[in-house]
1. For the subset of segment 28-65 comprising residues that are buried (at least 17 other Cβ atoms within 10 Å of the Cβ) and acidic (Asp, Glu), which member is farthest from the ligand (Cβ to nearest atom)?
2. Of all residues in segment 66-114, how many are closer than 24 Å to Ile32 by Cβ, more than 13 Å from the ligand (Cβ to nearest atom) and either of a type in the set (Asp, Glu) or in a loop (DSSP other than H, G, I, E, B) (or both)?
3. So in segment 177-213, with the set limited to residues that are in contact with a Ser or Thr (Cβ under 7 Å, 6 or more places away or on another chain) and either among the charged types (D, E, K, R) or open to solvent by 50 Å² or more (accessible area, probe 1.4 Å) (or both), which one is farthest from Thr127 (Cα to Cα)?
4. Can you find, within segment 307-325, the residue that is farthest from the ligand (Cβ to nearest atom) among those that are over 27 Å from Glu34 (Cβ atoms) and hydroxyl-bearing (Ser, Thr, Tyr)?
5. Kindly indicate whether any position in segment 128-147 is under 19 Å from Leu209 (Cβ atoms), within 15 Å of the ligand (Cβ to nearest atom) and in a helix (DSSP H, G or I).
6. Does Glu253 count as without any contact (Cβ under 8 Å) to a residue 40 or more places away in the chain and acidic (Asp, Glu)?
7. With respect to the numbered conditions (1) within 15 Å of Phe46 (Cα to Cα); (2) open to solvent by 10 Å² or more (accessible area, probe 1.4 Å); (3) within 14 Å of the ligand (Cβ to nearest atom); (4) out of contact with any Lys or Arg (no Cβ under 9 Å at 6 or more places or on another chain), which one is the sole condition not fulfilled by Trp124?
Amino acid sequence: MKKLLLAVAVLLYSCGPKKTDAQLLVERIQKIQEKGYMFGHQDDPFYGTTWEWELDKSDTRLVTGDYPGVMGFELGGIEKDDAKNLDSVPFVRIHDEIINHYERGGIITISWHPRNPKTGGTAWDVTDRQTVKSILPGGENHDLFMLWMGRMRTFLTSLKDSNGNQVPFMLRPWHEYNGSWFWWGQRLCSDDEFLALWNMFQDYMNEELKDYVVWSFSPNLQGNWTADAFEKRYPGDDRVDLIGEDCYQWGTEKDFVTQSTADLKFLSQYASEHGKLLAVTECGYQNSPDPTWWTRVLKPVLDQFPVSYMLCWRNASTEHFGPAPDLATKDDFVKFYKAENTLFLEDIR
Ligand code: BMA
């Protein structure tokens, strides 16, 4: 009898729907978010303000002693089979650092700034308003773009940990679409074309990666969202796991605080009503001109909302956004790091 009960229990257990790695990642982020928000940094392991390409180095760790919870990686260039991405990072290195961060317990987010498939220019080439249309089914560049997406997918499916298991990650395509500086931007395609682009890309990636991708929908700072405006290019609840926004301070502190507070108010409400995660998918104040920006400007905005992570952009030789040991923002960043609700790698594993 005991054996029979056990067998029934095992059977019932194994019949229950098994959660995918993507669902488990969403649940992990939800749980983390109850404690605060993770700090993220783009290209953290590749270069900083005082070093380049060394192994096992990180500006975040040089300042705080810990790694970011989230690391962001960029795949622009993979579409052409380039050896290095558009920021000169070798794809083999990107591959290895994604796995390193995953294996140390961190979370990965991936962006893609593919070249303009119609003009051959960069992602920022906005000279042709037919680019999106031209890559949709029936368009003259559809086959080319299928090839580009194929190369992207081949890279993504090569992300296996040392046990041979696929690494789950957040994928954040077509970001800042509400601006008009990328070929997929607001004035470069219609709402229907944008949605068709999102769906085509997502469906293609999902053919092989459905169980491993947390889909991140990420407009740029808007300042005046309405549900109507937001929903025009929102792919739908069945297609999005996380709603985020790229929130940089480009102008005055007052504008940044007013606009990001307004947007996060709208987005947090939308995300909560639709059961989605919320994040600040990119942020920063270029070249760190304000030594107390982290705790005096950014933190009070973030603290008001259920943000799961914020990711500051890269520390390149041409521009930097994150913490670094040689910057006047260093002490303030340590203060930010020490706050209860800012979470780094050790806080999430
Ligand atoms: C932008 C800048 C560029 C970079 C691109 C992709 O915001 O940092 O220099 O090439 O992101 O990483």
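The values are calculated or read from the model by the stated rules, or taken from the named source; none is laboratory data. Not measured: the values here are computed from a predicted model. Please note: Cβ atoms are built from the backbone with ideal geometry, for glycine as well, and neighbour counts cover all protein chains shown. For accessibility, only protein heavy atoms count, side chains too; no ligands or nucleic acids. Shrake-Rupley method; radii C 1.70, N 1.55, O 1.52, S 1.80 Å.
1. Asp59
2. 8
3. Looking at the filtered set, the residue picked out is Asp211.
4. Ser317
5. No, every residue in segment 128-147 fails to be under 19 Å from Leu209 (Cβ atoms), within 15 Å of the ligand (Cβ to nearest atom) and in a helix (DSSP H, G or I).
6. The answer is no for Glu253.
7. (1)
Yes/no matrix, rows are residues, columns are (1) closer than 21 Å to Lys254 by Cβ; (2) open to solvent by 40 Å² or more (accessible area, probe 1.4 Å):
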| site | (1), (2) |
| --- | --- |
| Lys265 | yes, yes |
| Gln269 | no, yes |
| Pro289 | yes, yes |
| Pro300 | yes, yes |
| Trp313 | no, no |
| His320 | no, no |
| Ala324 | no, no |
| Leu327 | no, no |
| Tyr337 | no, yes |
